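The values are calculated or read from the model by the stated rules, or taken from the named source; none is laboratory data. Values in this document were obtained by computation on a predicted structure and should not be read as measured data. Using ideal geometry, Cβ is built from the backbone for each residue, glycine included, and neighbour counts are taken over all protein chains shown.
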Amino acid sequence: MNLFLRKVIFPGFLMTIGLALGQESSGSKVHKNLFKLGGGKLINNTSTTDLAGPITPTGYRIDVNNPTGFVASYTRFFGAHFGVEVLLGLPLTLKIKGAAEASFVASVGTVKVLPPTLIFNYYVSTIEKDLRPYLGIALNHTIFFNAESSPELEETLFGETEIDLSSSTNIGGFAGLNYRIHDRYYASAMFGYVAVSTTATTTTDTRVLGIPFGTIEREIEVDLNPFVFLLSLGVSF
């Protein structure tokens with residue numbers, strides 16, 4: 001399904017946006033910009049492979065919490081029914097814990113995440129209407145940084161451990177609505193789903209009874225694939 005979206009639906013939507021840009025009326029007096037501030041929550045659908053590497057028990061997996069954070073967005077409208085929205089926010093903190101055979105590890109560590117998202121929206125009603133439901137196709141780039149392992153993980157893996165997570169670039173879908181409260185002021189709600197996958201690598205300076213045992217590298221594939229909920233207030237200009 002992801003391959004079909006990438007090769008057929010997403011390029012087709014981009015072509016439609018391009019046609020809308022060409023048809024935009026330069027004489028329109030309606031506001032073409034909307035800036036929104038609000039809050040968002042991620043509900044992660046976490047699934048992982050087993051942690052793999054030398055001297056690693058089978059069945060070690062992880063789970064991730066559902067963070068809440070600050071969100072800002074800017075939308076530029078084109079024509080009567082189209083808009084391009086840039087979704088940004090402050091970095092979120094993901095708390096990682098053990099799962100399956102590693103469920104005894106209450107805290108694996110933490111990692112900061114920054115998921116800038118570009119959304120191509122189709123608005124059901126025209127730009128002059130007060131209530132504007134919309135559907136969108138999104139391009140998301142999720143960056144993981146400042147990962148820190150917990151003392152509990154280092155005790156489990158027998159040594160000081162560094163964690164690194166690869167970035168993820170993928171697509172998603174959104175649905176939402178903007179409602180004009182008064183004049184230039186809006187309330188907005190949005191719901192979406194984004195495909196997010198990463199490879200987490202642990203590097204452990206392994207010691208057994210204080211004796212150096214060498215550096216051991218392990219990997220685990222993680223799919224977060226979060227549902228996204230956003231509420232915000234905005235102003236047009």
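At-a-glance table
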{"quantity": "Residues within region 169-183 that are of a type outside the set (A, V, I, L, M, F, W, C), touching a residue at least 40 places away in the same chain (Cβ under 8 Å) and farther than 17 Å from TYR123 by Cβ, tallied", "calculated": "2"}
{"quantity": "Subset of region 177-199 (residues that are in a strand (DSSP E or B) and at pLDDT below 95)", "calculated": "HIS182"}
{"quantity": "Checklist (1) among the aromatic types (Phe, Trp, Tyr); (2) surrounded by fewer than 21 Cβ atoms within 10 Å (Cβ to Cβ); (3) assigned to a strand (DSSP E or B) applied to PHE174, failing item", "calculated": "(2)"}
{"quantity": "Residue in region 72-82 that is of a type in the set (Val, Ile, Thr), crowded, with 16+ Cβ neighbours inside 10 Å and under 20 Å from ASP50 (Cβ atoms) present", "calculated": "no"}
{"quantity": "Filter pass, ALA189 being in contact with a Gly (Cβ under 9 Å, 6 or more places away or on another chain), under 19 Å from PHE35 (Cβ atoms) and without any contact (Cβ under 8 Å) to a residue 60 or more places away in the chain", "calculated": "yes"}
{"quantity": "Residue ranges of strands (runs of 3 or more DSSP E) in region 88-161 with at least 2 members among the polar types (S, T, N, Q) and crowded, with 21+ Cβ neighbours inside 10 Å", "calculated": "117-123, 131-149"}
{"quantity": "Within region 29-67, tally of residues that are of a type outside the set (Ser, Thr, Tyr), more than 27 Å from TYR193 (Cβ to Cβ), touching a residue at least 12 places away in the same chain (Cβ under 8 Å) and assigned to a loop (DSSP other than H, G, I, E, B)", "calculated": "8"}
{"quantity": "For TYR193: the one exception among (1) more than 25 Å from PHE104 (Cα to Cα); (2) surrounded by 15 or more Cβ atoms within 10 Å (Cβ to Cβ); (3) in contact with a Leu (Cβ under 6 Å, 6 or more places away or on another chain)", "calculated": "(3)"}
{"quantity": "Unmet criterion (only one of (1) under 18 Å from GLU221 (Cβ atoms); (2) in contact (Cβ under 8 Å) with a residue 60 or more places away in the chain; (3) among the hydrophobic types (A, V, I, L, M, F, W, C)) for VAL113", "calculated": "(2)"}
{"quantity": "Residues satisfying the stated conditions in region 206-224, i.e. assigned to a strand (DSSP E or B) and closer than 16 Å to THR49 by Cα", "calculated": "GLU217, ARG218, GLU219, ILE220, GLU221, VAL222, ASP223"}
